């Protein structure tokens with residue numbers, strides 16, 4: 001009878017020992033944790049992986065500040081309802097990129113809007129974009145680009161309703177390869193017919 005009682009106790013002890021071994025191996029370090037992904041590309045010539053990283057601008061560089069002022073002279077040749085509104089907008093994008101590593105050391109986008117004023121067949125709007133950017137100077141390997149686009153949108157509808165776009169036109173007006181002088185106002189004027 002002693003044999004019958006000792007066998008179940010021994011079997012139970014063996015089961016408990018095996019059940020405890022499984023969680024212990026999970027804590028032993030054989031577990032492969034996922035590693036963070038790095039975006040980049042493989043250089044076809046050297047076979048080397050080149051990571052694409054966003055460099056942080058040098059804090060010791062003084063910010064480039066100023067205003068970009070766009071005046072849009074609008075000639076109205078289309079027929080619009082008397083309740084029409086003309087909205088002008090501009091988007092300025094400033095970037096600096098290394099041509100060696102294809103990393104962007106600075107990237108800024110500024111947007112501003114203004115309603116046009118005028119009566120009859122002419123209207124004018126002025127959109128001013130103040131900015132403060134930390135952009136390194138262009139060099140043989142670092143290229144700075146400051147571009148500007150404009151939009152003129154004619155829409156109708158009472159202020160309590162959803163506006164109905166009647167006409168929309170866009171274009172470019174600015175293409176600089178270095179920031180303007182600090183504190184300067186860069187002015188541009190364009191003529192648009194709608």
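Determine whether residue 95 is at pLDDT 90 or above and part of a strand (DSSP E or B).
Here the answer is yes, as residue 95 does meet what is asked.
Have a look at 178, 145, 139 and point out the one that is free of Cβ contacts under 8 Å to residues at least 24 places away in the same chain and under 19 Å from residue 62 (Cα atoms).
139
Pairs please, first residue from the stretch 60-80 and within 13 Å of residue 190 (Cα to Cα), second anywhere and exposed (fewer than 14 other Cβ atoms within 10 Å of the Cβ), Cβ atoms under 6 Å, 6+ apart in sequence or on different chains.
Final answer for the pair search is 69/185; 69/187; 71/189; 73/191; 75/193.
Output yes when any residue across the stretch 95-106 is under 19 Å from residue 171 (Cβ atoms) and surrounded by 15 or more Cβ atoms within 10 Å (Cβ to Cβ), and no when none is.
no
Taking the stretch 113-144 on its own, how many of its residues are surrounded by fewer than 16 Cβ atoms within 10 Å (Cβ to Cβ), under 20 Å from the mean Cα position of the chain (by Cα) and within 21 Å of residue 181 (Cβ to Cβ)?
Count: 3.
Quick check on the stretch 64-82. Is at least one of its residues modelled with pLDDT under 85, farther than 30 Å from residue 49 by Cα and surrounded by fewer than 16 Cβ atoms within 10 Å (Cβ to Cβ)?
yes
The values are calculated or read from the model by the stated rules, or taken from the named source; none is laboratory data. None of the values given here were measured: they were computed from a predicted structure. Here Cβ is always computed from backbone atoms with ideal geometry, including for glycine, and neighbour counts include all displayed protein chains.
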